[in-house]
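Encoded as structure tokens, the structure appears first; notes follow it.
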Amino acid sequence: MRYAYLIAVREYLENVKTKGFWIGILLFPVILLASIKVTRFLEEEATPTRNFVLADFTGELEAVIDQGLNRSHQWRVFSAASDYVSKHTRKEFARKQIEEMDLEKIPSSVIDAMKSMRQEEDARFEGFLNSSDPKAWIRMMADSGVLVEDRPDFESPRPKFSRIPTPDWLDMNQSFKEVRALLKERLDESNPSDEKDLFAAVVIPDGILTPSKSNLLQLMGARPKEVEYWSINQADFDLRDSIRRALDRELQRRLYATEGLDEELIKNIQSDRVPVVSLDPKKKEGEEEVSLADTIRQYVPIGFVYLLWISLMSVVQMLLNNTVEEKSNRIVEVLLSSVTAGELMAGKLFGIACVGFTMLFAWIAALLGILHWHAGPEAEFVTKLLDIIENSGLLWIFLAYFLMAYLLYSGIFLAIGSVCSTIKDAQNFMGPVMIIMMVPLLTMMFIPKDPHGTLATVLSWIPIYTPFVMLNRAAANPPLFDIVGTTILGFVSVVVVIWLAGKVFRTAILRTGQAPRLVELWRWLKG
Amino acid sequence: MTDALILESVSKLYGDFQAVDSLSLRIPRGSVYGFLGPNGAGKTTTLRMILEIIRPTSGTISVLGAPSALQVRDRIGYLPEEKGLYKKMKAWSTIAYFASLKGMGRKAAKTRAFELLEQYGLGDFAESKTEALSKGMQQKVQVLASIAHKPEFVILDEPFSGLDPVNQEVMEEVIRDMSSAGATVLFSTHVMSHAERICDRFVLIAKGASLFDGTVDEAKALMPRRVLIESAGDLSSLEQLPFVKSVQEDLNQPGLHEYRLKPDADPHHLLDAAYEKGIRLTRFDRSEPSLHDIFVHMVGPEAREATVR
């Protein structure tokens, strides 16, 4: 035991002492944070205002399009204002606000409400945008003392797109064909990163919105003319969508008018909703409504499955590398003259397991550290989330499944490491193992939707997937039979795998040269 | 006192391949024992069996009085044939780690590591990572790692390979130091000059079987004695002497003859006979056979045939 311990200590220190290990640990939360911050920054600051030109053959839609774009811009101003407020809210207010927010009480339907807010078509939202003035709102918040004193002034984001007036080179008296040829040529020469250049051109043929009263139904889907959207960047749909929405709206407005319908009335009708409430029969009388916390609990396991996968991969990779290093350096011979193969294996497994737990705890600590340092309302909210996670016991379930998965996969990787003399050899074996390991990642998004379905149940009973899938299902209260059964099966498989890995390890670790053929491997397993 | 190592008809089969063929061996305590043989003779396999890294197919092994090396592993030191170290570990901590695996306390192991590095000229490199050391230095570190715990019995597999002549002498010094401290040393090599200089006894194996086991002098006695005689006179009377086995004249140098004597014959008798018969010799050269000659003589044909695994 003492020797296994010494080996474990060395494995642990050698891995934990490397710079790469700590860089990896710090990188994880930093990248997580950066991926949020950077995309936001790119969206708000880094993209220049893009210019586009409108060639409108109807001669009457300029205002419609400007209005539509302004509406999209308004939305961005509003969300910037709301970010500004939450960023500069006095800490005690923010804290209080979040403390008072009880996720267990908030119905899960707020998610739906938030989703429909995002869709600008939502008629309710239009009314809200028209009536609100972000600057006045900020002033009001400031006056009531919610915001901190020393804060920068609120700056509205710049418009994302700007329509330039019809340039001199574009003669709207030319034919549709000639105009589009001209625009095509101009756009072709444009540089996507140049602010002064053209980003897009919109060509609206004449008569596009002229409805024919006689046969409205037929008209839909069979409009003979199209609005042309030319752009040097076909991946950015924002402009195209804003224009399309504006034109759709205008078309609807005109149709209502021709049919003699009251537009306001229709808007009101459209924005009415039937309230739907989700209820959970398992919850207590009077508290059956599914809360936001319930929904979070349902989806949090996805994060854990991902964390499990990433940490497992890095850890077993270490184990593989160390084993191959010892084998290719022949250090293993010296080791085996001092300790038995069993002690060596136990030491390695234990040492690397400790590395894995260190990594997990360091990740959590780094994440909390960054949140604390970046303290804002988000940090409070995350604490709230962590409370939910902690109370649900998911963390302990996660650690238990991490242990099971680690022992299972480390056995497999240790065996692979012991039969391979070089990392290159090992990679050949790794390929198929990786593909097999990808399965829980591919299914993790679907399992919470149908946590007791056939897919989830079948995968739960395959030992190499048990830790992932059962963790995935954990929040949905899987049947006791599944929990107990798969756990027993899982730990039996751990024992079998470690035992078999031990056999391969003992035989293979001293062998040099070619990796063994499958027949040989089979012989070792039997012998 | 029992012998440090006793092998009794030890065999090892790899499938159909007979790596070691009923080898018996006794190594008295405190001796420096050479383990010689051509490539693929089964030296490394035998050493691994002694250390119980692998098990023999049949036969018994007793190490330091114990039936298994595992029971006395803290008293054994081992340097494998192929050398390698943890690249990222420092020289001193490598030595200290292997010493601690042999039961030394951590502090004692550390002190000992620095001591040894100082003693063998690596004091300045104690804090260097092993990957930063030259190959020769790495090998020295490994040798020191295998003896840091002051083992009673040291097994060195090809300790001289890959060392420059200066470091080969350092290695001989290490072995002598160990021996004078009372340790038993068993080392394998195929460079005969080292064996000749430092071995008390040696065993020569080929194809897994022992060809010779004894002292260097005993081995030399087994060799047919060669004497070179150069003379302008008639040597035919010498050729008739009973202890002369065969005579060969050098075709390139007329008058130069190589006499092969029967075992146990004393070359002096040949000189006496020439004197008696009044033959004037211009050259009489009784060269002692070197261990190299013995090696080539004993295993020459087999070494060529041996298939290297």
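A compact table of results
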read-out: Area of A:Trp230 that stays accessible when all protein chains are in place (1.4 Å probe, Å², to 10); value: 60 Å²
read-out: At R0 = 45 Å, FRET efficiency that the Cβ-Cβ distance of A:Phe361 and B:Asp164 yields, to 0.05; value: 0.35
read-out: C-alpha long axis of helix B:135-147 to longest principal axis of chain B, angle in °; value: 80 degrees
read-out: Solvent-accessible area of B:Glu173 with every protein chain in place, 1.4 Å probe, in Å² to the nearest 10; value: 80 Å²
read-out: Of B:Lys90/B:Lys135; A:Lys17/B:Lys135; B:Lys43/B:Lys110; A:Lys503/B:Lys102, pairs whose Cα-Cα distance is over 23 Å; value: A:Lys17/B:Lys135; B:Lys43/B:Lys110; A:Lys503/B:Lys102
read-out: FRET E, pair A:Phe176, A:Asn70, Förster distance 25 Å, beta-carbon r, rounded to 0.05; value: 0.35
read-out: Probe 1.4 Å - accessible area at B:His297, Å² to nearest ten; value: 100 Å²
read-out: Chain B: radius of gyration and largest Cα-Cα distance (Dmax), Å; value: 23.7, 77
read-out: Crossing angle, helix B:291-305 versus chain B [Cα axis fit, 0-90 degrees, rounded to tens]; value: 80 degrees
read-out: Radius ratio Rg over Rh of the stretch A:222-272, counting only Cα atoms, Kirkwood formula for Rh; value: 1.11
read-out: Convex hull projection area averaged over all views, the stretch A:279-322, Cα basis, nm²; value: 3.8 nm²
read-out: Cross-link reach list, lysines versus A:Lys160, counting only Cα pairs under 27 Å and skipping chain neighbours closer than eight places; value: A:Lys37, A:Lys87, A:Lys115, A:Lys135, A:Lys184, A:Lys196
read-out: ³J(HN,Hα), Karplus 6.51/-1.76/1.60, whole Hz, each residue of the stretch A:161-168, x for Gly, Pro; value: 10, 9, 7, 8, x, 3, x, 4
read-out: Within straight-line cross-link reach of B:Lys88, aspartates and glutamates at Cα separation under 19 Å, skipping those fewer than 8 residues along the same chain; value: A:Glu11, A:Glu14, A:Glu325, A:Glu326, A:Glu333, B:Asp124, B:Glu127, B:Glu131
read-out: Protein accessible surface hidden between B and A, which excludes ligands and nucleic acids, total in Å², probe 1.4 Å; value: 2300 Å²
read-out: Average partner coverage of A:320-331, which counts Cβ from other chains inside 10 Å; value: 3
read-out: Average beta carbon contacts from partner chains per residue of B:77-87, 10 Å cutoff; value: 5
read-out: From the C-alpha gyration tensor of chain A, square roots of 5λ in Å; value: 58, 30, 25
read-out: Accessible-area order (highest first, 1.4 angstrom probe) of the listed residues A:Glu60, A:Glu14; value: A:Glu60, A:Glu14
read-out: Taking only Cα atoms of the stretch A:415-527, radius of gyration then Dmax in Å; value: 17.3, 50
read-out: Chain A: DSSP helices with Cα axial extent of at least 18 Å and average Kyte-Doolittle hydropathy no lower than 1.6; value: A:394-419, A:480-508
read-out: Ordering of A:242-253, B:262-273, B:84-95 by packing [mean C-beta count within 10 Å, highest first]; value: B:84-95, A:242-253, B:262-273
read-out: For residues of B:67-74, the mean tally of beta carbons on other chains within 10 Å; value: 2
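The values are calculated or read from the model by the stated rules, or taken from the named source; none is laboratory data. Quick caveat: nothing in here was measured; it's all calculated off a predicted structure. Note: ideal-geometry Cβ built from the backbone for every residue, glycine included; neighbour counts use all protein chains shown. The area values use the complete protein model at the heavy-atom level, side chains included, leaving out ligands, DNA and RNA. Shrake-Rupley method; radii C 1.70, N 1.55, O 1.52, S 1.80 Å.
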